[in-house]
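First comes the structure, then the notes that go with it.
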Amino acid sequence: MFLAWNEIKNNKLRFILIIGVLTLVSYLVFFLSGLANGLENLNREAVDKWDGDAIILKAEADVSLPQSSMTLDDYDGNGANEYAVLGQIYLIATSGESKSNVSIFGIREDEFIMPEVTEGEPFINLGEVIADDSLKAVGFEIGDVLQLSSVDEILTIVGFTDNAKFNASPVLYGSLDTLQTIRFSAAAETGDLQINGFVIRTDSIENISVNEELQVIDTKTFIESMPGYSEQSLTLTLMIYFLFVISSVILAIFLYVLTIQKISIFGVMKVQGISSSYLANSVIAQTFLLSFAGVVIGFLLTIITGYFLPSAVPVSFDYLDMLIYGIVLVFVSILGALFSIQTIVKIDPLKAIGG
């Protein structure tokens with residue numbers, strides 16, 4: 001460590017450049033991980049908010065909530081600790097100059113998927129809805145009357161809740177009757193209430209018994225089956241893994257070039273009796289210091305950047321994931337330094353000093 005630290009102090013510019021490269025790589029890894037988390041949350045926030053263990057959908061719906069259709073009589077709660085009915089439809093909501101795609105959830109206000117209201121009041125009357133608070137950034141406010149695409153019905157925002165997006169669309173929570181009216185207008189009163197599924201809380205999904213026309217899907221599978229969710233998550237994860245490989249290769253090249261430049265110095269040190277293991281440990285320690293400094297600076301830059309990003313950018317930092325990625329970056333950097341150690345071990349002192 002003594003040798004490593006003294007060399008860094010005496011060659012500041014050279015090692016600042018190496019730390020700069022490591023900082024940029026770690027900054028990119030941390031930012032991409034935040035972007036991956038943010039994009040995942042866009043799809044699953046409302047589902048995570050249910051805190052359910054499974055969902056019952058129509059078997060022929062191919063694990064798609066919008067494609068599933070059933071009535072309230074299709075499930076009686078057999079095997080579940082709790083269950084909640086859920087209707088859903090995608091529409092476009094407009095209020096004045098404000099316009100947004102929305103996912104409208106029809107729920108019962110006394111069941112567990114009823115969201116906590118962070119601003120305003122819960123829905124009570126027909127046509128009243130609670131909106132995801134991300135809609136405030138688009139210009140929607142409490143009291144706004146919403147015109148809906150393709151239907152003549154209107155909705156009124158009476159409150160806001162947080163973290164409520166489904167498949168990248170902000171959610172509007174209203175009553176089952178509100179959703180029924182949006183779907184069937186004047187015919188809503190004469191038909192059975194149509195819903196899309198039942199959200200289940202249970203000790204064991206195996207205990208849930210449904211008829212052959214329905215299927216029970218655990219929440220993890222339901223989320224992963226959302227359109228584009230797995231593909232998007234896999235793409236960003238692969239990009240992060242490639243960055244790990246690239247960072248280790250970059251550092252290995254840097255350290256190898258530095259080692260080649262110092263072959264004569266290492267040769268003199270070996271002549272003086274300094275062992276190869278001591279020099280190797282010095283390179284490892286030096287790599288650790290450089291990579292640690294680069295990762296810490298990259299982390300701080302990422303956090304600072306996050307504060308200045310507009311709310312429209314879907315970035316969400318998971319500090320545990322960032323800690324793991326930081327440790328991996330330091331590890332792969334040290335792994336890349338092993339190539340330089342091989343060179344140090346093979347140095348012939350006589351050849352190195354020109355003897």
Take the conditions of a type in the set (Gly, Ala, Ser) and modelled with pLDDT under 85 and apply them to residue 225. Does it pass? no
Of everything in segment 321-339 that's at pLDDT 85 or above and β-branched (Val, Ile, Thr), which residue is nearest to residue 286 (Cα to Cα)? 330
For segment 241-249, state whether one or more residues are within 19 Å of residue 39 (Cβ to Cβ), exposed (fewer than 15 other Cβ atoms within 10 Å of the Cβ) and of a type in the set (A, V, I, L, M, F, W, C). yes
How do the pairs read when you match residues in segment 294-314 that are in contact (Cβ under 8 Å) with a residue 60 or more places away in the chain with residues anywhere that are surrounded by fewer than 15 Cβ atoms within 10 Å (Cβ to Cβ) and not charged (D, E, K, R), using Cβ under 6 Å and keeping only pairs 6 or more apart or on different chains? 311/137
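A quick yes/no check of all residues on (1) closer than 19 Å to residue 107 by Cβ; (2) assigned to a strand (DSSP E or B):
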residue	(1), (2)
147	no, yes
155	yes, yes
159	yes, yes
185	no, no
198	yes, yes
203	no, no
210	no, no
216	no, yes
220	no, no
In segment 313-339, which residue that is under 30 Å from residue 267 (Cα atoms) and β-branched (Val, Ile, Thr) is most open to solvent (accessible area, probe 1.4 Å)? 334
Please work out which residue is surrounded by the most Cβ atoms within 10 Å (Cβ to Cβ), limiting yourself to segment 340-355 and to residues that are of a type in the set (A, V, I, L, M, F, W, C) and modelled with pLDDT under 70. 352
Pair list, Cβ under 6 Å, 6 or more apart: segment 180-203 residue modelled with pLDDT of 90 or more, other residue among the polar types (S, T, N, Q) and open to solvent by less than 10 Å² (accessible area, probe 1.4 Å): 196/68; 196/88; 197/68
Taking into account only those residues within segment 142-153 that are touching a strand residue (DSSP E or B) at 6+ places or on another chain (Cβ under 8 Å) and without any contact (Cβ under 8 Å) to a residue 40 or more places away in the chain, which is surrounded by the fewest Cβ atoms within 10 Å (Cβ to Cβ)? 143
Of everything in segment 295-312 that's among the aliphatic types (A, V, I, L, M) and at pLDDT 80 or above, which residue is surrounded by the fewest Cβ atoms within 10 Å (Cβ to Cβ)? 304
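The values are calculated or read from the model by the stated rules, or taken from the named source; none is laboratory data. Since the structure is predicted, the reported quantities are computational estimates derived from the model, not experimental observations. Because the Cβ atoms are built from the backbone with ideal geometry, glycine has one as well, and the counts that use them run over all protein chains shown. To get the accessible areas, we keep the full protein, side chains included, count just its heavy atoms, and leave off ligands, DNA and RNA. Shrake-Rupley method; radii C 1.70, N 1.55, O 1.52, S 1.80 Å.
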